[in-house]
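Everything below concerns the one structure shown next.
The values are calculated or read from the model by the stated rules, or taken from the named source; none is laboratory data. No experiment lies behind these values; they were computed from the predicted model shown. Note that we place each Cβ from the backbone using ideal geometry, even for glycine, and neighbour counts take in every protein chain shown.
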Amino acid sequence: MPNSIPSVELAETSAKMRPMLEALRQARVRATAGGTSVNALVRDFIEDYASGIDLQRTARQRIIELAHESTASSGGRTWTRGDLYD
């Protein structure tokens, strides 16, 4: 058969696919637990990626802004690195 795949090549392909298939299975379990699907997660990622939105960078910038705006204080208390382990 000219269109058949040699069994050695098929075995190599299967071995390469196992980790990806296991990752996909775990992703489906996690997505289901989160009330969504892998397809929805991939769609959202592609939409964000295509639009140029960098959610992590945006979140980091917002955290830095909040830190600068914060009025929190240590109340004059000081500590050393060693104090943190006591």
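Could you say which residue among GLU65, GLU69, GLU47 is surrounded by 10 or more Cβ atoms within 10 Å (Cβ to Cβ), among the charged types (D, E, K, R) and more than 25 Å from LEU24 (Cβ to Cβ)?
On the way: GLU69 fails: surrounded by 10 or more Cβ atoms within 10 Å (Cβ to Cβ); GLU47 fails: more than 25 Å from LEU24 (Cβ to Cβ).
Going through GLU65, GLU69, GLU47 in turn, the sole match is GLU65.
SER70 - would you say it is modelled with pLDDT of 90 or more and closer than 23 Å to ALA23 by Cα?
no
What number of residues in the range 38-56 are assigned to a helix (DSSP H, G or I), modelled with pLDDT under 95 and within 14 Å of the chain's Cα centre (by Cα)?
The total comes to 7.
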